[in-house]
1. In whole Å, how far is the Cα centre of segment 86-114 from that of segment 58-75?
2. Distance cut-off 29 Å, Cα to Cα: go down the list LYS152/LYS220; LYS156/LYS302; LYS302/LYS334; LYS74/LYS334; LYS88/LYS302 and report the pairs above it.
3. ³J(HN,Hα) across segment 205-217 via Karplus (A = 6.51, B = -1.76, C = 1.60, θ = phi - 60°), whole Hz, x for Gly/Pro?
4. So what is the calculated 222 nm ellipticity per residue for the chain, using -39500 (n - 2.57) for each DSSP H run with n of 4 or more, over all residues, to the nearest 500 deg cm²/dmol?
5. Taking H placed 1.01 Å from N in the peptide plane, check which residues at least 5 places from LEU134 or on another chain put their amide H under 5 Å from its amide H.
6. Going by Cα centres, segment 140-155 and segment 321-355 are how many Å apart?
7. If the chain between ARG138 and ARG54 were fully stretched, how many nm would it gain, using 0.36 nm times the residue separation less the Cα-Cα distance?
8. Given the chain, what percent of its DSSP beta bridges are antiparallel, to the nearest 5?
Amino acid sequence: MTSQEMESITNVMEFEAVAREKLPKMVYDYYASGAEDQWTLHENRNAFSRILFRPRILVDVSNIDMTTTILGFKVSMPIMVAPTAMQKMAHPAGELATARAASAAGTIMTLSSWATSSVEEVASTGPGTRFFQLYVYRDRNVVRQLVRRAEKAGFKAIALTVDTPRLGRREADIKNRFTLPTHLTLRNFDGLDLGTVDRTNDSGLATYVADQVDRSLNWKDVKWLQSITTLPILVKGVLTAEDASLAVQAGAAGIIVSNHGARQLDYVPATIMALEEVVRAAQGRVPVFLDGGIRRGTDVFKALALGASGVFIGRPVVFALAAYGEAGVRKMLKMLHDELELTMALSGCRSIKEITRAHITAPWDAPHVSPRL
Ligand code: FNR
């Protein structure tokens, strides 16, 4: 595809080709890749296509309310921005553009620990509800400082990523000897001498994680985190009922069903396949969110029908940002908003609450008794 005007983009997937054209190969590959065989990467998308609608007709859908609350914060739609690292590789305005776009869309942005803009810089873009994604470093003083700074900068929750004791094997990054371009740093760690990702014989990021991230992280640390912050903690990276129960017991304020965009353990199920067992285990005690492979309003609807309280978007944000900067991210969020609204109208749902399990059918549902012909 040749570089095209933003007006001609008609769905969220189309940003990727424009981004691919504009970005250096190393950067595009880092954003796009999954782990190893990338089976889960494809499955994150494919699984949505096996879930079908049971639309209700003749419902007056002349007014549709897509607003909802997330941890008590009102949002314009249950579609939020997932943490993705190093956004200034996509566009010079990086995370600042994403923050502005999310805020303009009336939704929540999650800032990555490995952002190329600091928590303070992102806060200075103006009002907006924001969450901070946390990687726990071996040096707990680093974690304490970072959490304190996020609190002070007005971030409203911590998304604790629990699926990354080591970095997944992303072969393109290994081949490319991925490293953060030298004009950029992991801004949150600048003052701590941990802001650069050095070039190594491997993915530079894999080496950085091996050196800095605490592999011993366990449930006790979720308690520890609660002892150093009053912010609600979302456990990001749950894929089983067992861990959902443990997360609730450990005091999590919410659960994010995530396989890290298929970048960690390959051959885990698509998140949409794991969602329902997690929702059942949570028993309504905490909200359950989902990320992974959401590219359509119909995908969002399916996640909500299976019990998610909201979803987060990863790659489309960086691709839209790379393609058209802040305007691209705004357009991407608006397209998902409008598609979800249309899906609700065509399914007979006038509010987020009206989306129920009965509005979809999944492959694991018991077959319906068909009438005898
Ligand atoms: C991520 N993800 C991620 N997660 C996290 O907790 N901290 C991080 O710094 C990052 N960085 C990151 C970079 C890139 C380029 C990608 C693609 C992903 C995972 C992210 O939060 C989310 O789980 C997935 O991206 C969701 O899947 P989709 O929407 O990309 O399919």
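1. First find each Cα centre; the distance between them is then 24 Å.
2. Working: LYS152/LYS220 25 Å; LYS156/LYS302 27 Å; LYS302/LYS334 18 Å; LYS74/LYS334 17 Å; LYS88/LYS302 32 Å.
Violating the 29 Å limit, Cα to Cα: LYS88/LYS302.
3. Taking θ as phi minus 60°, the curve returns 5, 4, 5, 4, 5, 4, 7, 10, 7, 7, 6, 8, 3 Hz for segment 205-217.
4. Numbers: 13 runs with 141 residues, N = 373.
One gets -11500 deg cm²/dmol as the mean residue ellipticity at 222 nm.
5. Residues meeting the criterion, in which the H sits 1.01 Å from N, are ALA159, LEU160, THR161.
6. If you average the Cα positions of each part, the centres end up 32 Å apart.
7. Working: separation 84, 0.36 × 84 = 30.24 nm, distance 4.88 nm.
25.4 nm is the gain from fully extending ARG138 to ARG54.
8. Values: 6 of 32 bridges.
Of all bridge pairs located within the chain, approximately 20 percent are antiparallel.
The values are calculated or read from the model by the stated rules, or taken from the named source; none is laboratory data. Model, not experiment: these values are computed from the prediction. Heads up, the Cβs are rebuilt from the backbone with ideal geometry, glycines too, and the neighbour counts pull from every protein chain shown. Only protein heavy atoms, including side chains, enter the accessible area calculation; ligands, DNA and RNA are left aside. Shrake-Rupley method; radii C 1.70, N 1.55, O 1.52, S 1.80 Å.
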